[in-house]
Amino acid sequence: MKLLVRSLFATLVFLGVYYVWLRVLPGAVAVPQGINQDNVIKMQEYLYRTAGHCPTVILGSSLSAKLRPQALPPDVCNLALRGQSVFEGFELMRRAGQTPRLILLEMNVLDRAPSTGTIENLFSPTLHPLRRWYPGLQARHQPLNEALAGGLAILDRLRPAAAQRIEQKLGVGGPAPGDALPTDDANYQPPSPAVVAAARADYEQLPAQPAFGRNLALLHRYVRYFTARGSRVVFFEMPIDANACQGAKMRYIRQQLAADYPAGQPTYLPRPDCGAYRTTDGMHLTDPSAWRYSTVLAQELGALRNDQAVARTASLQLH
């Protein structure tokens, strides 16, 4: 019995000390242990910290996850999830009770089925309230993640160039405001022909039915839900391999969306010139290309916000 009491006391002391540590000296950078945990960290950050401060939200897949937050306005939250789709982000916002003013919706992988387990695990009846109360239970603040973040901070002091490369891969490093954007390395090696051919072949296949039809129906429900509550939904495409960009899959997705959502509401951002960007595998942008497209998207986002401001002003004047 004494051993049990001592173990319980030691556990409570550790949890208390760790709680204070996280409040005083949390890791400055989230260092995930893998792709799945990266998704969980992103969703938990939104749910427990930033949801109410995100008037604009980006929903998408690993393609949009490459967007650089430093190049976007600070009040933009990127809920694009690696290996998943727009639907998990939609459901996360719905359950969190959030209705952002603007939702940027990636079109590229609307044929990917939603993962129901992702959101169910996030909103576990037992752990969800505990994670909100005790941040040490959140994925970002696991002891190993905090140790990795501390190690990165030490590396930044000892070898800043090496730390900067890691930070760029994590999407948290980049040029200072006013500096030139990163350019592709002179020794850039394009992806192997076999990898590019696989990406192009995938985008030459039409989305599988009836699964794609179910996805479109689910998309309709989410769009109606959020637009009815005041959100504006805007479709956009991430640049991919130039040939895949014109493949049968993307042409079909564009046609279906144009038929279901005529121009006007929702809005469609200009289609990017895929030939102007480089990819690592025929689909995902290189880091410098991700930076360049992020700046383009930021400009288009600024124009959208100006349009919204003008529309609100006109509405107020009419009333």
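The values are calculated or read from the model by the stated rules, or taken from the named source; none is laboratory data. Since the model is a prediction, treat every value here as computed from it, not as a measurement. Here the Cβ is made from the backbone with ideal geometry for all residues, glycine too, and neighbour counts use every protein chain on show.
Number of residues in the stretch 224-264 that are over 23 Å from the mean Cα position of the chain (by Cα) and among the hydroxyl-bearing types (Ser, Thr, Tyr) equals 2.
Set side by side, the residues Leu144, Leu105 differ, and just one is touching a helix residue (DSSP H, G or I) at 6+ places or on another chain (Cβ under 6 Å) and hydrophobic (A, V, I, L, M, F, W, C), which is Leu105.
For the stretch 256-267, indicate whether the set of residues that are touching a strand residue (DSSP E or B) at 6+ places or on another chain (Cβ under 9 Å) and among the charged types (D, E, K, R) is non-empty.
Filtering the stretch 256-267 for residues touching a strand residue (DSSP E or B) at 6+ places or on another chain (Cβ under 9 Å) gives 257-258, 261, 265-267.
This time we only want the ones that are among the charged types (D, E, K, R), so: none.
No, there is no match, as no residue in the stretch 256-267 is touching a strand residue (DSSP E or B) at 6+ places or on another chain (Cβ under 9 Å) and among the charged types (D, E, K, R).
All of Asp241, Asp260 fail the test of being charged (D, E, K, R), in contact with a Lys or Arg (Cβ under 9 Å, 6 or more places away or on another chain) and at pLDDT below 95, apart from Asp241. Condition check: over 11 Å from the mean Cα position of the chain (by Cα), part of a loop (DSSP other than H, G, I, E, B) and among the β-branched types (Val, Ile, Thr). Does Val29 satisfy that? Judged against the criteria, Val29 is a match. When you look at Arg229, is it surrounded by fewer than 19 Cβ atoms within 10 Å (Cβ to Cβ), assigned to a loop (DSSP other than H, G, I, E, B), out of contact with any helix residue (DSSP H, G or I) (no Cβ under 7 Å at 6 or more places or on another chain) and not small (Gly, Ala, Ser), yes or no? Spelling it out, Arg229 is indeed surrounded by fewer than 19 Cβ atoms within 10 Å (Cβ to Cβ), assigned to a loop (DSSP other than H, G, I, E, B), out of contact with any helix residue (DSSP H, G or I) (no Cβ under 7 Å at 6 or more places or on another chain) and not small (Gly, Ala, Ser).
For (1) in contact with a Cys (Cβ under 6 Å, 6 or more places away or on another chain); (2) closer than 23 Å to Tyr293 by Cα; (3) of a type outside the set (A, V, I, L, M); (4) part of a loop (DSSP other than H, G, I, E, B), each residue gets a yes or a no:
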{"position": "Gly89", "(1), (2), (3), (4)": "no, yes, yes, no"}
{"position": "Val109", "(1), (2), (3), (4)": "no, yes, no, yes"}
{"position": "His128", "(1), (2), (3), (4)": "no, no, yes, no"}
{"position": "Gly136", "(1), (2), (3), (4)": "no, no, yes, no"}
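Here Pro207 meets the list (1) surrounded by fewer than 17 Cβ atoms within 10 Å (Cβ to Cβ); (2) at pLDDT 75 or above; (3) within 26 Å of the chain's Cα centre (by Cα) almost entirely, failing just condition (1).
Of all residues in the stretch 79-101, one or more are of a type in the set (S, T, N, Q) and in contact with a strand residue (DSSP E or B) (Cβ under 9 Å, 6 or more places away or on another chain).
In this entry, Ser64 is excluded by the filter for residues that are over 20 Å from Leu218 (Cβ atoms) and either among the hydroxyl-bearing types (Ser, Thr, Tyr) or not in a helix (DSSP H, G or I) (or both).
Any residue at all in the stretch 264-282 that's aromatic (Phe, Trp, Tyr), touching a residue at least 12 places away in the same chain (Cβ under 8 Å) and in a helix (DSSP H, G or I)? Reasoning before the result, please.
Narrowing the stretch 264-282 to residues aromatic (Phe, Trp, Tyr): 268, 277.
This time we only want the ones that are touching a residue at least 12 places away in the same chain (Cβ under 8 Å), so: 268, 277.
Filter once more, keeping what is in a helix (DSSP H, G or I): none.
Looking for residues that are aromatic (Phe, Trp, Tyr), touching a residue at least 12 places away in the same chain (Cβ under 8 Å) and in a helix (DSSP H, G or I), one finds none in the stretch 264-282, hence no.
Against the test of being buried (at least 16 other Cβ atoms within 10 Å of the Cβ) and not in a helix (DSSP H, G or I), the options Ala80, Ala149, Ala113 yield a single qualifying residue, Ala80.
When the residues of the stretch 24-35 are narrowed to those that are surrounded by fewer than 21 Cβ atoms within 10 Å (Cβ to Cβ) and touching a residue at least 24 places away in the same chain (Cβ under 8 Å), which ends up nearest to Trp133 (Cα to Cα)? Checked the stretch 24-35; the qualifying residue nearest to Trp133 (Cα to Cα) is Pro26. Look at the stretch 197-215: where a residue is within 16 Å of Met107 (Cα to Cα) and a partner is among the aromatic types (Phe, Trp, Tyr) and surrounded by 12 or more Cβ atoms within 10 Å (Cβ to Cβ), sitting 6+ places away or on another chain with Cβ atoms under 6 Å, you get Leu206/Tyr252.
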